[in-house]
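Down below is the structure, laid out as structure tokens.
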Amino acid sequence: MRIRDGLIAYSTSAIQGDIRKRDGDIAFRRLLGECGVVSLGDDLTNSVGRKWRAAMGKLGFIYPEVKRTLGQDQNLIGPIDRITPAGWNLIRAETVPAMQECYLRAMVTPLTSAGCQTFSPLCWTLAILLELERRGEEPSVRFIEMATIVQTTTPLDGLPETVDRVLALRSRRMAAERKRVFDRTEYNRAADELGCKPHTFNDYADMNMRYLKATGMVQSKGKGIALIPEKRALAVALTGKLLTNEPVIGLYQSLCNGTALPTDHAAVAYQVLEDLLQQIQNHGITYSLTGKPLDTPVQINQVRYEIEELIAEKKEEVYAQGQAEQWEEIAAYMDLIASRKDRIRLSEDLEIRVPRTEAPAYLEWSLWRAFLAIDTLSNKPYEVRRFKIDQDFMPVSTAPGNGPDLIAEFEDYVIVIEVTLSESSRQEAMEGEPVRRHVADLVLQYDKPVYGLFIANRIDSNTAETFRIGVWYTKEDHRMDLHIVPFTLAQFSSFFKAIFTSGTAAPQAVIDLMSECEQYRHTCEAPAWKAAISQVVESRC
């Protein structure tokens with residue numbers, strides 16, 4: 001999903017259309033790094049620029065280079081490496097569903113070779129999931145099934161035959177006593193058959209599932225993927241024809257303009273809507289079409305988007321209810337971010353990862369989950385967060401500016417949560433004024449106490465001093481005394497684990513902690529206050 005961030009950076013740069021060869025690779029890599037889209041390590045070959053250019057081109061977000069073997073002029077598609085209409089649609093997309101539709105239009109385009117024909121790997125995967133469902137199985141595939149079968153086959157291999165292979169592999173693995181040995185044997189066998197390294201299957205399966213999930217058609221299930229129930233009718237419409245003989249140049253033109261979807265036609269759009277109306281009843285949600293105009297595909301799809309959003313909110317509420325049982329995983333994410341590492345194995349079957357460039361988003365996400373776990377919130381889970389999440393409730397981006405990261409409202413008070421990964425003296429310049437302003441704004445908005453919880457890997461003393469003083473003046477020069485307490489992420493994680501281990505997890509425990517720390521505000525300066533906060537946390541852990 002970060003491709004959009006790279007595209008936005010590219011759209012405002014002076015290097016559009018000039019990102020090839022060595023100088024172009026260097027310039028694009030530098031742009032992505034300066035805009036915070038990627039972390040720039042040692043990359044002597046400047047491969048970052050080439051890889052991002054390739055991804056954007058293959059998805060049709062920038063005009064790809066037409067190979068001369070196609071016998072067509074580049075002008076029939078568009079100026080090489082310039083942003084396409086499909087790319088501008090992604091840039092303008094403000095919601096996750098809108099972004100996912102851009103990926104969906106790109107990935108339904110049948111541009112992958114299968115003999116003398118072409119096909120869409122997305123549609124092929126959806127066809128396999130639907131065939132599994134037709135046979136009475138859950139429409140899902142495990143990671144090893146994706147790695148060794150789904151991504152290595154095409155419609156030419158036959159849908160029934162491919163699903164037979166999936167089910168046979170599933171049965172053999174279920175019967176195996178030593179699953180890891182079985183998996184290793186399967187990967188080695190597949191490697192021998194296809195002439196590649198065993199680890200290649202893992203690498204590509206992980207990447208391919210990320211792309212598939214970006215369309216919003218599938219979601220995570222264990223380490224594999226499953227068809228999203230609300231998307232079943234659309235999946236059926238997308239898999240009606242799996243192979244095509246259409247001219248490749250025409251497919252590229254469709255790709256760059258945003259390939260048409262079945263729901264662009266009123267009849268199909270209404271079929272998908274009818275299926276959604278049944279799905280929404282299954283979630284216990286009442287919805288009426290009365291007064292809704294349904295004359296055009298645009299109008300029908302607008303209603304569909306509304307229903308999908310209602311279902312997503314209901315699912316998020318269910319997700320929130322289960323977070324208390326996931327407190328150990330939540331703490332593990334906080335500890336992983338605090339350690340500045342990118343992965344940790346929690347068990348033989350569970351490894352959690354935090355991509356370094358996405359650490360700020362994961363930090364907000366882990367604190368959101370922490371307060372969902374503490375529970376008894378008065379506001380809805382989707383009202384607590386300001387960042388976007390996908391269908392797996394994973395973070396897509398950080399919270400936008402001009403507001404706090406999280407707002408946890410309880411019956412008797414409100415806790416404003418602000419997080420950052422900045423650590424130097426710049427921390428105070430970046431966070432001191434906005435955090436105080438956000439807390440002050442909410443003090444004026446609510447008729448109950450508002451507390452500010454500031455969390456960072458390291459608390460700079462200048463930041464601590466700003467919060468220790470804790471003063472904000474309104475435009476009318478009215479003085480406001482604010483209650484903002486800074487904690488390191490490691491401190492909050494230790495406290496979080498302690499209240500769950502002791503069975504005392506409740507919002508009041510957080511308020512009591514902050515109140516005790518506040519007692520030292522006016523009796524010491526920042527370094528001593530930080531030390532006092534540390535002692536208070538230790539005493540409660």
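Okay, residues lined up against (1) under 24 Å from ARG210 (Cα atoms); (2) touching a residue at least 12 places away in the same chain (Cβ under 8 Å); (3) open to solvent by less than 70 Å² (accessible area, probe 1.4 Å):
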{"position": "ALA324", "(1), (2), (3)": "no, yes, yes"}
{"position": "TYR333", "(1), (2), (3)": "yes, yes, yes"}
{"position": "ARG345", "(1), (2), (3)": "yes, no, no"}
{"position": "TRP365", "(1), (2), (3)": "yes, yes, yes"}
{"position": "ALA370", "(1), (2), (3)": "no, yes, yes"}
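Can you go through GLU193, GLU186, GLU161 and tell me which one is surrounded by 19 or more Cβ atoms within 10 Å (Cβ to Cβ), out of contact with any His (no Cβ under 8 Å at 6 or more places or on another chain) and assigned to a helix (DSSP H, G or I)?
When all the criteria are applied, what remains is GLU186.
Could you count how many residues in segment 470-497 are in a strand (DSSP E or B) and farther than 23 Å from TRP368 by Cα?
Residues that pass the stated criteria total 6.
Could you look through segment 322-364, keep only residues that are assigned to a helix (DSSP H, G or I) and of a type in the set (Val, Ile, Thr), and pick out the one that is farthest from ARG4 (Cα to Cα)?
Here the answer is ILE330.
Take segment 1-25 and flag every residue that is open to solvent by 40 Å² or more (accessible area, probe 1.4 Å), touching a residue at least 12 places away in the same chain (Cβ under 8 Å) and in a helix (DSSP H, G or I).
ASP5, ILE8, ARG22
Collect the residues in segment 384-398 that are in a loop (DSSP other than H, G, I, E, B) and either under 19 Å from PHE487 (Cβ atoms) or open to solvent by 20 Å² or more (accessible area, probe 1.4 Å) (or both), keeping them in residue-number order.
ARG386, LYS388, ASP390, GLN391, ASP392, PHE393, MET394, VAL396, SER397, THR398
Only one of TYR10, TYR63 is in contact with a Pro (Cβ under 8 Å, 6 or more places away or on another chain) and modelled with pLDDT of 95 or more. Can you tell me which?
TYR63
Considering segment 30-84 alone, what residues qualify as being farther than 15 Å from ILE8 by Cα and among the aromatic types (Phe, Trp, Tyr)?
The answer is TYR63, and nothing else.
Which residue, of PHE467, PHE454, PHE500, is open to solvent by less than 40 Å² (accessible area, probe 1.4 Å), without any contact (Cβ under 8 Å) to a residue 40 or more places away in the chain and in a helix (DSSP H, G or I)?
PHE467
Could you look through segment 415-446, keep only residues that are part of a loop (DSSP other than H, G, I, E, B) and modelled with pLDDT under 95, and pick out the one that is nearest to the chain's Cα centre (by Cα)?
Ranking the qualifying residues of segment 415-446, first place goes to LEU421.
Only residues that are surrounded by 10 or more Cβ atoms within 10 Å (Cβ to Cβ) and either in a helix (DSSP H, G or I) or touching a residue at least 40 places away in the same chain (Cβ under 8 Å) (or both): list them for segment 172-182, please.
Of everything in segment 172-182, those that are surrounded by 10 or more Cβ atoms within 10 Å (Cβ to Cβ) and either in a helix (DSSP H, G or I) or touching a residue at least 40 places away in the same chain (Cβ under 8 Å) (or both) turn out to be ARG172, ARG173, LYS179, ARG180, VAL181, PHE182.
Looking for whichever is of a type in the set (Asp, Glu) and touching a Leu at 6+ places or on another chain (Cβ under 7 Å) here; the options are GLU409, GLU423. Which one fits?
GLU409
If I filter segment 471-483 for residues that are within 25 Å of TYR333 (Cβ to Cβ) and either buried (at least 21 other Cβ atoms within 10 Å of the Cβ) or within 34 Å of the chain's Cα centre (by Cα) (or both), do I get at least one hit?
No: zero hits.
Looking at (1) open to solvent by less than 20 Å² (accessible area, probe 1.4 Å); (2) without any contact (Cβ under 8 Å) to a residue 60 or more places away in the chain, which is the only condition VAL218 fails?
That leaves (2) as the condition not met.
What pairs can you find where one residue is in segment 377-404 and of a type in the set (Asp, Glu), the other is in a loop (DSSP other than H, G, I, E, B), and their Cβ atoms are less than 9 Å apart, with a gap of 6+ or different chains?
GLU383/LEU377; ASP390/MET1; ASP390/GLY216; ASP390/VAL396
Before we move on, is LYS223 free of Cβ contacts under 8 Å to residues at least 40 places away in the same chain and basic (Lys, Arg)?
Answer is no for this residue.
The values are calculated or read from the model by the stated rules, or taken from the named source; none is laboratory data. The structure displayed is predicted, hence computed values, not measured ones. With ideal geometry, Cβ positions are generated from the backbone for all residues, glycine too; neighbour counts draw on all protein chains shown. When the accessible area is computed, the model is the full protein with side chains, heavy atoms only, and any ligands, DNA or RNA have been set aside. Shrake-Rupley method; radii C 1.70, N 1.55, O 1.52, S 1.80 Å.
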